[in-house]
Amino acid sequence: MFKPLPLYIGLRYTRAKRRNHFISFISLTSMTGLTLGVMVLIVVLSVMNGFDRELKQRILGMVPHATISAAYGTINDWPDVIAEIEKQPGIVHAAPFINTQGMLTAGGRVDGASIYGIDPVYEKSVSIVEQHIKQGSLDALKGGEFGIVLGAILARRLGVAIGDRVTLVLPEATTSPAGVFPRLKRFTLVGTFAVGAELDSNLAMIHIDDAARLKRIKEGVEGIRLLTDDLFKAPKIAWDVASSMSGQYYVRDWTRTHGSLFQAIKMEKTMVGLLLTLIIAVAAFNIVATLVMVVTDKQADIAILRTFGATSNTIMGIFMVQGSVIGIFGTLLGVVLGVVLAPNVPFLVSALESLLGSSFLNSDVYFISYLPSQLEWSDVSMVAIAGLSMSFLATLYPAYRASRTQPAEALRYE
């Protein structure tokens, strides 16, 4: 079978046992470094993808993908409006809400909170809160009974349990013959939730009818929360829905409320990826050192090939093949190990925690108690291309030096 001369000789040089064992050691080190660099980069990017996924599922499972609020007044006949909205393309479900801010007090403790008025029946279709109820029930929120569901951290700060009374202080004043007093309302704690995010410390839910009474809304709701089928198309979908409705509406989406958080995660992933790519670059520089020593060791062979008529391009191709083989094997082995290891990181970390008897991610400090991982083939492809590209570039200079070898000079002292 026909095999090009540079490929044939380059592969022979790669397979051959070298007289200089130090060169063989450097070659093995280069391949090992490249393998470890590619493997670590794939695993780290997968772990960061896992954290990104958990944040999106937990935070964006609680906060709206988008909201539509009336520019003036309230949205009346909201059940009919929701039924019409859910017919729009891109909308999975919709739910009414009334939102306000206030301070919660209990037993002399005070903490600020975002008060979210909901209809439990509708809320279950747009939020993951029901799956993360720790105590009580979301169904215990009933209009006129003034029940409240708190985030677990917020409830712990206030020192309250199910059945305890919590006082809500609204940022409004009531004027009476006795003077000006803040508006107060007593609520009964009927449930707590824990989604493992900052919402556990600043979110409280009450029934939408109770919220309407607090804000003195006689009819309708402040806005409608949207759950879309594509998170990243939520801004456009919300605007399309608002445009199809009669009247003027104000649209907000998650990119305005929490977009900076996910932009920071994306930036962190990019920077960590670039820094870890330096590991691959260091291994690629080892390929340069390996080939420089090989070229020096093969001066006589190069001279003989040149006297037999081998061109500069042929000599250059021989050593490029030899260096590329190191890069290809190192990169492919790293990809295989990374792809195998990345999905199993949670299990390996859990086993290590059990062995050492300690927890690396304490649930009291971090929003999750395990190390998540999500392998994305786009990351694997990017890492593999980076490894192969740097390995190939590392072969150019040593191969060029080999191609400039003059036979007479190389054989002078042989």
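The values are calculated or read from the model by the stated rules, or taken from the named source; none is laboratory data. Here the structure is a predicted model, which means the values were calculated and not measured. A quick note on method: Cβ atoms are made from the backbone with ideal geometry, for glycine too, and the neighbour counts reach across all protein chains shown.
Apart from one condition, Glu219 fits all of (1) crowded, with 19+ Cβ neighbours inside 10 Å; (2) closer than 27 Å to Ala71 by Cα; the exception is (1).
Reported count of residues in segment 227-276, each being over 20 Å from Arg53 (Cα atoms) and surrounded by 18 or more Cβ atoms within 10 Å (Cβ to Cβ), is 7.
Results for (1) modelled with pLDDT under 80; (2) outside the structural domain of Asn49 (by TED's automatic domain parsing); (3) closer than 23 Å to Ile385 by Cβ, shown as yes or no for each residue.
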| site | (1), (2), (3) |
| --- | --- |
| Met293 | yes, no, no |
| Asp297 | yes, no, no |
| Ser312 | yes, no, no |
| Phe319 | yes, no, yes |
| Asn344 | no, no, no |
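Looking across Lys134, Lys142, one residue alone is of a type in the set (D, E, K, R) and more than 31 Å from the chain's Cα centre (by Cα). It is Lys142.
Within segment 282-319, if we keep just the residues that are aliphatic (A, V, I, L, M) and over 26 Å from Ser30 (Cα atoms), the residue that is surrounded by the fewest Cβ atoms within 10 Å (Cβ to Cβ) turns out to be Ile304.
For segment 67-96, a tally of residues being within 19 Å of Val121 (Cα to Cα), among the small types (Gly, Ala, Ser) and either more than 29 Å from the chain's Cα centre (by Cα) or in the same structural domain as Leu371 (by TED's automatic domain parsing) (or both) returns 1. Can you say whether Ala211 is of a type in the set (A, V, I, L, M, F, W, C) and not assigned by TED's automatic domain parsing to the domain that holds Thr32, as far as the supplied structure shows? Considered against the rule, which asks whether it is of a type in the set (A, V, I, L, M, F, W, C) and not assigned by TED's automatic domain parsing to the domain that holds Thr32, Ala211 comes out as yes. Taken together, Gly50, Gly112, Gly108 contain a single residue that is crowded, with 20+ Cβ neighbours inside 10 Å and not β-branched (Val, Ile, Thr), which is Gly50. The condition of being of a type in the set (A, V, I, L, M, F, W, C) and modelled with pLDDT under 85 holds for only one of Leu226, Leu203, Leu199, Leu214, that being Leu199.
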